[in-house]
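What follows is one structure encoded as structure tokens, with my remarks underneath.
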Amino acid sequence: MSLPHDILSLAARDARGLAIDAIAACKSGHLGLPLGCAEIGAVLFGTALRYNPKEPRWLNRDRFVLSAGHGSMFLYSWLHLAGFEVSLEEVKNFRQLGSITPGHPEFGETPGVEATTGPLGQGVANAVGLAISGKMSEARFNTPEHRIFDHKVVCLAGDGCLQEGVASEACSLAGHLQLDNLILIYDSNNVTLDAMALFTQSEDTIARYKAYGWDVQEVDGQNMEEFLRAYDKAKSGHGKPHLIVAKTLIGKGIPEVAGTSKAHGEGGVKFADAAREGIGLPAEKFHVSAEVREFFARHAKDLEAECADWHKRFDAWREANKDLSHELDESVEKDYPDLLKCIPDYPADAPDIATRKAGSDVLQHVAKAMPLVISGSADLHGSTLNYIQDGGDFDARNHAGRNIRFGIREHGMAGIMNGIAYDGIFHASGATFLVFSDYCRGSIRIAALSHLPVVYIFTHDSVGVGEDGPTHQPVESVAALRAIPNLDVIRPADPAETAGAFAAAFDRKDGPTLLALSRQVAPTLRQIPEEDARLGTLRGGYIARRETAPLALILLATGSELHLAMEAAEKLGPSVRVVSLPCFERFERQTDAYREEVLPAACDRRISIEAGVTQPWFRYVGLRGKAIGIDRFGLSAPGGTVMKQLGISVDSLLQAGQAMLAAR
């Protein structure tokens, strides 16, 4: 493609000016990347990327992710110039309360922002997920007559992103999967925040990425013609993802700090006026030249016409492929079926099973009802049991597969799942052992912050893991995960609650859900009507056993400990109620009246039991109540032995309950 060099050079100058002025105005931000990568931005938004500023979520747009999210003024400047609904006033309100130009890009806040970035490396993993979603979309929806998906995923990252382990995990998998729709631009400026990069790295990045199975080019990132040639070559795609190592001068335009670590943040602001004059800007702040405005207005018209042509092809595809069209619409619009109606009741004569096995059975029904649900595992399908039967593996030869083998890359898996969810076409789920949620936590937090409907199917949820010992017994994990805002943590007790848990998880539209499932067999609680258990789980909590005498004591439990509470209640007498609370977060979203019905304030004699730390339970048992749990690490012994040794037993409940009833 040809390059309008003069006007793009002017656009790069104006973008530098917007970044300088916005960061100077709020006295906060990161100048280095917006100044150093201005020419890259000019080529991407002025020539190379396919997008439509009037339709930011156009299905076949190129996806651009700024992994180095601290350089957010780079993205805001170019979105403004390109014609997205990011006004000059919003650029001026950079990092201010209520603006759509927050300190780091946030998904859903700003048109054109594809992912929430800032924690370094996350955007790289997200881009891999977006690329996987793109390949899946091509395989599932393109036909010989109509090619409706052929977009690229472009990610701009810096040294910090590539140093973070999550990026390494994701890039290793991307090479293995041969994701040739992925282009990673490495802003290689030899600087990190604290010091020059040589203080912390001496690796050969080019050799590393070639070893991953990537194609690699190295260019002068501030030579637009050279960068565009490299981009065109990368875009051609021939079986490998592509890394463009773009050598840049951090903070270009502010000679006093350019090329040093002082350019990373706002260190160059005190030289702003001289810098603006030096790069040829007028005295007027937040200046954009008329020529640049006119160029991007024309470019937007061309892009809109390209989008309109695509819509014609898309309409023809719809007419010829009504079932596929309906499938795509349902998923994009999150118009999900009533999953509880799709999951049959657990047979009354079936044997007791672990909730991970119940989850495996339920997942098959969910996957049939929702054909764009995908599943994956961190090398643990045989243990987590979340493989979609007859779904096939997604790999370099089969992009239609519904199961992703992530390998032993938990953080990469979670970041990739976020990328799939950002794309909004496929419904991502993935699995590992619950204790390894710590490896995923950074990505889980971003999923919750970004309201992504990701589903985590995490098994081996307690000291019931047994012989693997305390390293694999997640006594604190559920409590730690419950602390993340907007993350639903569901710990079901038996097959009926597991059905409700999966229905809740895959129906949720405004955030992620984590299912904590047992390795050990748990009794099926047939004394609880199945419909009560399913619907009660959807509500987060319900009365599992209702008292038949004046209420004197409430036992609360989750997961594999619910059967202990049910057994203890029978022995403690008719005045004892049992409440199952599989999901605190969903329970808290119920009406005050419902929560009062389940946990009446008048009854403050309450005992909880859960095979984990007790801290979260005091909100429900109160000062007069008692929480039975495990406020220490576990033991290496058979699971039942560990439970008994650490006090997770009917005897513990009876002892506490009898004492509390006697004290009335």
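The values are calculated or read from the model by the stated rules, or taken from the named source; none is laboratory data. In this text, all values refer to a predicted model and were calculated from it rather than measured experimentally. Cβ sites come from the backbone with ideal geometry, for glycine too, and all protein chains shown count toward neighbours.
Whenever a residue of the stretch 557-569 is crowded, with 24+ Cβ neighbours inside 10 Å, its partners that are at pLDDT 95 or above and hydroxyl-bearing (Ser, Thr, Tyr), lying with C-beta atoms within less than 6 angstrom and at least six residues away or across chains, give the pairs Ser560/Ser518; Leu562/Ser580. Scanning the stretch 64-101 for residues that are farther than 15 Å from Ala19 by Cβ, part of a loop (DSSP other than H, G, I, E, B) and not small (Gly, Ala, Ser) turns up Phe84, Glu85, Gln96, Leu97, Ile100.
For the stretch 174-186, state whether one or more residues are farther than 18 Å from Ile420 by Cα, touching a residue at least 24 places away in the same chain (Cβ under 8 Å) and buried (at least 20 other Cβ atoms within 10 Å of the Cβ). Looking through the stretch 174-186, at least one residue is farther than 18 Å from Ile420 by Cα, touching a residue at least 24 places away in the same chain (Cβ under 8 Å) and buried (at least 20 other Cβ atoms within 10 Å of the Cβ). For the criterion of being more than 20 Å from Thr101 (Cα to Cα), assigned by TED's automatic domain parsing to the domain that holds Asp273, within 27 Å of the chain's Cα centre (by Cα) and basic (Lys, Arg), Arg61 passes. Residues that are in contact with an Asp or Glu (Cβ under 9 Å, 6 or more places away or on another chain) and either acidic (Asp, Glu) or touching a residue at least 60 places away in the same chain (Cβ under 8 Å) (or both) within the stretch 612-628 comprise Gly612, Val613, Gln615, Pro616, Trp617, Val621, listed in sequence order.
With a requirement of 3 or more residues that are in the same structural domain as Leu555 (by TED's automatic domain parsing) and in contact with a strand residue (DSSP E or B) (Cβ under 7 Å, 6 or more places away or on another chain), the helices (runs of 4 or more DSSP H) lying completely within the stretch 585-664 that satisfy it span 618-621, 650-662. If a residue must be touching a residue at least 60 places away in the same chain (Cβ under 8 Å) and closer than 17 Å to Arg61 by Cβ, how many such residues does the stretch 298-316 contain? Adding up the residues that qualify gives 9.
A quick yes/no check of all residues on (1) closer than 30 Å to Gly165 by Cβ; (2) charged (D, E, K, R):
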{"position": "Leu10", "(1), (2)": "no, no"}
{"position": "Leu18", "(1), (2)": "no, no"}
{"position": "Ala25", "(1), (2)": "no, no"}
{"position": "Gly32", "(1), (2)": "yes, no"}
{"position": "Lys54", "(1), (2)": "no, yes"}
{"position": "Asn60", "(1), (2)": "no, no"}
{"position": "His70", "(1), (2)": "yes, no"}
{"position": "Ala82", "(1), (2)": "no, no"}
{"position": "Pro105", "(1), (2)": "yes, no"}
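Does Ile353 satisfy the criteria of being touching a helix residue (DSSP H, G or I) at 6+ places or on another chain (Cβ under 9 Å), within 18 Å of Ala431 (Cα to Cα) and of a type in the set (A, V, I, L, M)? Answer is no for this residue. For the stretch 119-139, the criterion of being modelled with pLDDT of 95 or more, assigned to a loop (DSSP other than H, G, I, E, B), touching an Asp or Glu at 6+ places or on another chain (Cβ under 7 Å) and closer than 30 Å to Leu10 by Cβ is met by no residue.
Against the list (1) within 30 Å of Asn181 (Cα to Cα); (2) at pLDDT below 90; (3) surrounded by 17 or more Cβ atoms within 10 Å (Cβ to Cβ), the condition Ala234 fails is (2). Exactly one residue out of Gly536, Gly500, Gly540 is free of Cβ contacts under 8 Å to residues at least 60 places away in the same chain, more than 15 Å from Ser560 (Cα to Cα) and touching a Gly at 6+ places or on another chain (Cβ under 9 Å): that is Gly536.
In the condition set (1) over 22 Å from Gly407 (Cβ atoms); (2) touching a Leu at 6+ places or on another chain (Cβ under 8 Å); (3) in contact (Cβ under 8 Å) with a residue 60 or more places away in the chain, Val113 is compliant with all but (3). Selection of the stretch 441-467 for residues being in a helix (DSSP H, G or I) and closer than 21 Å to Arg539 by Cβ yields only Ala448.
Of the listed requirements (1) farther than 17 Å from Leu363 by Cβ; (2) in the same structural domain as Arg441 (by TED's automatic domain parsing), Ala557 misses just one: (2). Out of everything in the stretch 587-604 that is touching a helix residue (DSSP H, G or I) at 6+ places or on another chain (Cβ under 9 Å) and surrounded by 12 or more Cβ atoms within 10 Å (Cβ to Cβ), what residue ends up being modelled with the lowest pLDDT? That would be Asp604.
Scanning the stretch 275-285 for residues that are within 18 Å of Cys26 (Cα to Cα) and surrounded by fewer than 18 Cβ atoms within 10 Å (Cβ to Cβ) yields Glu284, Lys285. A single member of Ile484, Ile528 is at pLDDT 95 or above and within 30 Å of Gln655 (Cβ to Cβ), and it is Ile528. All conditions in (1) closer than 22 Å to Arg356 by Cα; (2) buried (at least 16 other Cβ atoms within 10 Å of the Cβ) hold for Ile607, with the sole exception of (1). Within the stretch 8-36, if we keep just the residues that are in contact with a helix residue (DSSP H, G or I) (Cβ under 6 Å, 6 or more places away or on another chain) and not in a helix (DSSP H, G or I), the residue that is surrounded by the fewest Cβ atoms within 10 Å (Cβ to Cβ) turns out to be Gly29. Can you report the number of residues in the stretch 203-231 which are surrounded by fewer than 16 Cβ atoms within 10 Å (Cβ to Cβ), modelled with pLDDT of 95 or more and within 30 Å of the chain's Cα centre (by Cα)? Within the stretch 203-231, residues that are surrounded by fewer than 16 Cβ atoms within 10 Å (Cβ to Cβ), modelled with pLDDT of 95 or more and within 30 Å of the chain's Cα centre (by Cα) number 3. If you go through the stretch 105-136 and keep only what is among the small types (Gly, Ala, Ser) and surrounded by fewer than 23 Cβ atoms within 10 Å (Cβ to Cβ), you end up with Gly108, Gly112, Gly118. For beta carbons closer than 6 Å, sequence separation of 6+ or different chains, a first residue in the stretch 20-34 that is under 16 Å from Val288 (Cβ atoms) and in the same structural domain as Leu66 (by TED's automatic domain parsing) and a second that is modelled with pLDDT of 90 or more and not basic (Lys, Arg), the qualifying pairs are Asp21/Phe286; Ala22/Met73; Ala22/Val91; Ala22/Phe94; Pro34/Ala19; Pro34/Gly71; Pro34/Met73; Pro34/Phe74.
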